[in-house]
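Colleague: To start, I am sharing the structure in question, which I have written as structure tokens.
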Amino acid sequence: MQKKPDRVPHVSFFVTWKILDAGYKLSEAMNDYAIMEKVVRRHQEEYGFDAIFEYGGPNAIRIPAALGGTTYSINDEAGTVNYKDKAICEHDELEELAADPQKFFYEKGMARKYPCWADGTVTAEDVQRAIDEQSKFIQYHMNITRIMNEEYGMPNFTAPNGFAYAGLDFLFNTIRGIKGLSIDMRRDPAKGEEAIAALNELYFTPGLNVLKNAPEGPNMDYCFDYDITLLCHTILNQKQFERFLWPDLKAVLDVLAEKKKTLRLFMEGSSKRFWEYLKDYPKGMITMHPEQDDVFDVRKELPNCAILGGMPVSLLGNGTRQQCLDRTKLLCDELGKDGGFILCQDKMVSFRNDANPENVHAVCEFVREYRP
């Protein structure tokens with residue numbers, strides 16, 4: 001937003017779709033890092049994006065599988081992977097969780113995720129196997145990031161600053177689930193706040209302190225200094241947002257503003273009802289990536305924010321080649337003519353029919369040549 005680029009940049013938000021597009025089954029690539037590397041290489045060689053959001057990491061199925069966990073459900077025939085929304089803490093256990101989160105996770109949470117933990121048959125070897133799988137997962141990502149950077153000239157996406165994981169998001173994603181957290185905030189919100197505070201001491205506050213100690217200014221080796229993906233806001237009304245989430249989100253945004261750093265903010269579902277909280281941050285600090293909201297509304301309501309997105313997955317999958325090109329040109333002309341716009345898909349492209357490869361080729365080729 002400070003200097004107009006020569007053309008509109010184009011980012012890949014293709015996730016499990018690129019496995020299917022490469023001709024592999026999901027279970028093959030997600031269980032074999034050598035295959036996943038081939039998938040990522042092929043994705044860039046085939047389409048030529050300017051940056052790729054992820055290199056095969058959202059579904060780390062080998063780590064929980066090492067302990068006999070069934071967190072993920074893969075259907076190779078349908079080409080789908082699902083994450084089971086399961087509470088590992090009940091509503092009447094929130095006080096126990098708040099008193100000592102680590103103790104609760106070890107004694108109760110793990111048993112509700114892993115049968116071997118519940119029946120007492122878990123061994124030191126089982127735990128070591130899971131730790132080894134986590135190490136292999138980290139090693140794969142370090143290696144594929146290096147490959148894409150050195151061999152393909154791909155920029156790194158997010159700088160390794162401290163990550164402040166908000167307690168509410170942790171409750172939503174891992175501990176209480178969608179249904180459970182919805183009940184907590186209505187039945188006994190004070191208990192929920194206590195749990196959030198305790199979880200923040202474990203994850204949020206240490207990450208925020210690392211960010212506070214980071215050097216000032218953007219890291220020019222990365223597309224963004226920080227990345228936040230929010231899902232828990234989808235079940236919040238205005239009052240709940242202000243009470244349970246905004247204080248922590250604001251704390252991170254204020255530090256980023258103070259440090260003159262940049263942020264990609266992906267708010268799944270609709271986030272329009274919360275945009276007013278973002279209006280006063282410095283121009284270009286926040287790059288909004290709306291999933292269900294209109295990108296033209298974002299530009300109108302949040303002129304201080306850059307925009308990432310705009311290409312509907314529904315159009316890539318079901319539209320004609322010309323419809324995709326018309327949409328791309330409109331986005332480049334209306335949002336990219338003065339800078340501050342990065343073309344990307346509005347949702348994580350996951351399923352086989354989410355995108356037609358011919359449409360993806362057409363959009364990629366158009367963006368590389370077009371100058372709005």
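Colleague: Please pick out the residue among Arg42, Arg62 that is charged (D, E, K, R), out of contact with any Gly (no Cβ under 8 Å at 6 or more places or on another chain) and at pLDDT below 95.
Modeller: It is Arg62.
Colleague: Separate question: Hey, can you tell me all the residues within region 55-65 that are closer than 19 Å to Asp21 by Cα and either crowded, with 17+ Cβ neighbours inside 10 Å or without any contact (Cβ under 8 Å) to a residue 60 or more places away in the chain (or both)?
Modeller: Passing the criteria: Tyr55, Gly56, Asn59.
Colleague: Continuing with this model, one more query. Could you look through region 156-201, keep only residues that are of a type in the set (Ser, Thr, Tyr) and in contact (Cβ under 8 Å) with a residue 60 or more places away in the chain, and pick out the one that is nearest to Gln102 (Cα to Cα)?
Modeller: Here the answer is Thr174.
Colleague: Identify the residue in region 29-41 that is touching a residue at least 24 places away in the same chain (Cβ under 8 Å) and surrounded by fewer than 22 Cβ atoms within 10 Å (Cβ to Cβ) and, among all such residues, is farthest from Phe341 (Cα to Cα).
Modeller: Here the residue is Asn31.
Colleague: Do we have any residue at all in region 283-304 that's among the hydrophobic types (A, V, I, L, M, F, W, C) and in contact (Cβ under 8 Å) with a residue 60 or more places away in the chain?
Modeller: no
Colleague: Could you give every pair whose Cβ atoms fall below 8 Å, whose first residue belongs to region 243-255 and is closer than 23 Å to Pro218 by Cβ, and whose second residue is of a type in the set (Phe, Trp, Tyr) and outside any helix (DSSP H, G or I), counting only separations of at least 6 or pairs across chains?
Modeller: That search, which allows pairs on different chains as well, returns Val252/Tyr226; Leu253/Tyr281.
Colleague: Taking the stated definitions as given, is Asp280 under 24 Å from Lys18 (Cα atoms) and of a type outside the set (Phe, Trp, Tyr)?
Modeller: no
Colleague: How many residues does region 288-301 contain that are open to solvent by less than 10 Å² (accessible area, probe 1.4 Å) and either touching a Phe, Trp or Tyr at 6+ places or on another chain (Cβ under 6 Å) or of a type outside the set (A, V, I, L, M) (or both)?
Modeller: 2
Colleague: Something else: Could you look through region 1-28, keep only residues that are of a type in the set (D, E, K, R) and part of a loop (DSSP other than H, G, I, E, B), and pick out the one that is most open to solvent (accessible area, probe 1.4 Å)?
Modeller: Checking each candidate, the answer is Lys3.
Colleague: Another question, then. Hey, could you check region 66-107 for residues that are touching a Cys at 6+ places or on another chain (Cβ under 7 Å) and modelled with pLDDT under 95 and say which is surrounded by the most Cβ atoms within 10 Å (Cβ to Cβ)?
Modeller: The residue in question is Leu67.
Colleague: Please give the helices (runs of 4 or more DSSP H) falling wholly within region 132-240 in which 3 or more residues are open to solvent by 20 Å² or more (accessible area, probe 1.4 Å).
Modeller: It comes to 177-187, 189-199, 205-212.
The values are calculated or read from the model by the stated rules, or taken from the named source; none is laboratory data. Fair warning: this is a prediction, and the values are worked out from it, not measured in the lab. Note that each Cβ is placed from the backbone with ideal geometry, even for glycine, and that neighbours are counted across all protein chains shown. Surface areas here come from the heavy atoms of the whole protein model, side chains and all, with no ligands, DNA or RNA. Shrake-Rupley method; radii C 1.70, N 1.55, O 1.52, S 1.80 Å.
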